[in-house]
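Please read the structure below before turning to the comments.
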Amino acid sequence: MSLVQTQYDRALLSLAGGVSSSTRLNKAINRPMLIDRAEGCRVWDLDGKEYIDLCCSHGATLLGHGDARVQAAVEKALSRGAPCSYENETHAELAALLCETVPCLERVRFTGSGTEATGHCIRLARACTGRTKLLRFEGNFHGYHDQVMFMSAGEIGLVNGPLKPISTGVTPGMDQHLIQIPYNRPGVLEEIFARHAHEMAAAILEPIWFNAGCILPTMEFITTLRRLTEKHGVILLFDEVLSAFRMCPGGAQEYLLITPDLCTLGKAVGGGYPLSVFGGRKDLMDRLMPIGDCQHSGTYNGHPVVVAAGLAAVKAYRSPGFYEHIHAVAARLFPGLQAIFDRHGIKARVQGLGARFGVYFGLNEKITSYDQAQQHDRGQMLRFIAAAIANGVYFHDYGGAACHHGFCGAMSEGDAEEALIRLDLAVSALASRT
Ligand SMILES: Cc1ncc(COP(=O)(O)O)c(C=O)c1O
């Protein structure tokens, strides 16, 4: 009898849906992963089956599982009694290191999740501008709070069209504060700023759109957005919960050479521990209490264990050779996977940057828009993920159209080759069924 199945069945009796997070259920296998232990780029489930992990904790374990530097920092914080809801010297050290590393950061705050970070930035942007509306881009993901959980109520690609909540129970009327437009359409930006800039507090976006796989902004789009936000006093807010540290220490803003006014960092910043960060221009961040009048507080904010983990993680991202290694593994993995699909006659496009990538099934052209990403064949993706899992490579399904995948710094080029050998078997099985 499988321990994974027995324990999942047991969880279903008392844990709602058998999971601690709704998106933890992987529809390709109709259950979550129940993991016993993990090391580097590998995880072992409760039955002892080993997988090369191409989910990496939804992007949080960019260093790999059980990184020795993070573990030592955590153990040290625990040995000091982990006094929660107080500050110590590691808070200032991590804050200073982040301000040195990420271009827009002059001041930061620590919080628990990406969802909290985007929520606090939106409040701060309203406090600073006295305006209420938020410009957002169709399909970008910013967490699970009521202010951002909306999608188009009609066809894709409309400019400020009607919206509908992504979940039931969302506070009615929240969509009144949103202006939603398509990504990568600079002409639409001009039009929307001309009409609505006076009521817009902030423009929020995924500067590298990993939640739709991996879509890069065009330079024209991102520079137009920076120019118009600056001109109209609209706060440019980069949601770097997923993109931070992924391709270079300063994240998407360093990569694109565009400095926003505020940004969020999540996932990788905590090295696998629940830390997120928001920050940016000093004049904006000084609006937070106790200097200013905008609230950001929380009992567990800046918990000493997660701050210690974050400090160790950020130091590791800044260590010599970290990104050279990431790019070397990417250069094997992404073309290697593309070649496997091509060899087996499976129409798919692999698109990645740094340590994260998307696979678009049924498409082979460059993906630059949400419309294209939505056309990807989700059924084929689920069949691929199931075959990969059967062959010892873990990919997660997040429930949406396209999904993001990734590898960690602990993955060697040899591990990448091993993953490709397993994936060759998986795609061969998929091809024989298609
Ligand atoms: C860009 C982005 N923003 C916000 C969030 C929400 O972060 P969390 O799941 O930590 O609340 C995510 C999570 O995937 C994300 O990718």
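Think of each Lys and Arg Cβ as +1 and each Asp and Glu Cβ as -1; about the Cα centre, that makes the dipole of the chain roughly 420 debye. Any lysines with Cα under 23 Å of the LYS49 Cα? List them, leaving off those in the same chain fewer than 8 positions away. Result set, ordered by chain and number: LYS27. Note on the range 328-434: dipole from Cβ charges, positive end direction compared against ALA348, HIS396, ALA419; the farthest Cα belongs to ALA348. Solvent-accessible area assigned to carbon and sulfur over the range 68-317 amounts to 55 percent, based on a 1.4 Å probe.
Springs between Cα atoms under 10 Å define the GNM used for the chain, and in it the highest mean-square fluctuation of PRO83, PRO274, PRO32 occurs at PRO83. Measuring between their Cα centroids, the range 395-418 and the range 319-365 lie 9 Å from each other. Mean residue ellipticity, 222 nm, helices only, the chain: the sum of -39500 (n - 2.57) across DSSP H runs of n ≥ 4, divided by residue count and rounded to 500, is -11500 deg cm²/dmol. Average accessible surface for the chain: 40 Å² per residue, computed with a 1.4 Å probe over protein heavy atoms with every protein chain in place.
Extent along the principal axes, Cα only, for the range 68-317: 55, 34, 34 Å, with the longest axis given first. Quick check: the distance between the Cα centres of the range 172-214 and the range 250-275, to the nearest angstrom? Between the Cα centres of the range 172-214 and the range 250-275 lies a distance of 20 Å. The residue list ALA316, LEU94, ALA72 was ranked by how far each Cα lies along the charge dipole of the range 68-317 toward its positive end, using unit charges on Cβ atoms, and ALA72 comes out on top. Two numbers describe the Cα atoms of the range 229-337: Rg and Dmax, which are 16.3, 53 Å. Between the listed residues MET174, GLY157, LEU288, the Cα displaced farthest toward the positive end of the dipole of the range 68-317, a dipole computed from Cβ unit charges relative to the Cα centre, is found at LEU288. Between amide H atoms placed 1.01 Å from N, distances below 5 Å from ALA202 occur with LEU135, ILE235, all of them 5 or more places distant or on a separate chain. Working ranking of peptides 142-150, 398-406 by packing, defined as the average number of other Cβ atoms within 10 Å per residue, highest first, is 398-406, 142-150. Here LYS231 is the anchor, and the lysines within straight C-alpha reach of less than 23 Å, apart from those fewer than 8 places off in the same chain, are LYS133, LYS282. Note on LYS315: lysines with a C-alpha under 18 Å away, same-chain residues under 8 apart excluded, are LYS76, LYS267.
The values are calculated or read from the model by the stated rules, or taken from the named source; none is laboratory data. From a predicted model like this one, the values you see are computed outputs, not experimental measurements. When we count neighbours, we look across all protein chains shown, and the Cβ atoms used for this are built from the backbone with ideal geometry, even at glycine. Side chains are part of the model used for accessible areas, which takes the heavy atoms of the whole protein and leaves out ligands, DNA and RNA. Shrake-Rupley method; radii C 1.70, N 1.55, O 1.52, S 1.80 Å.
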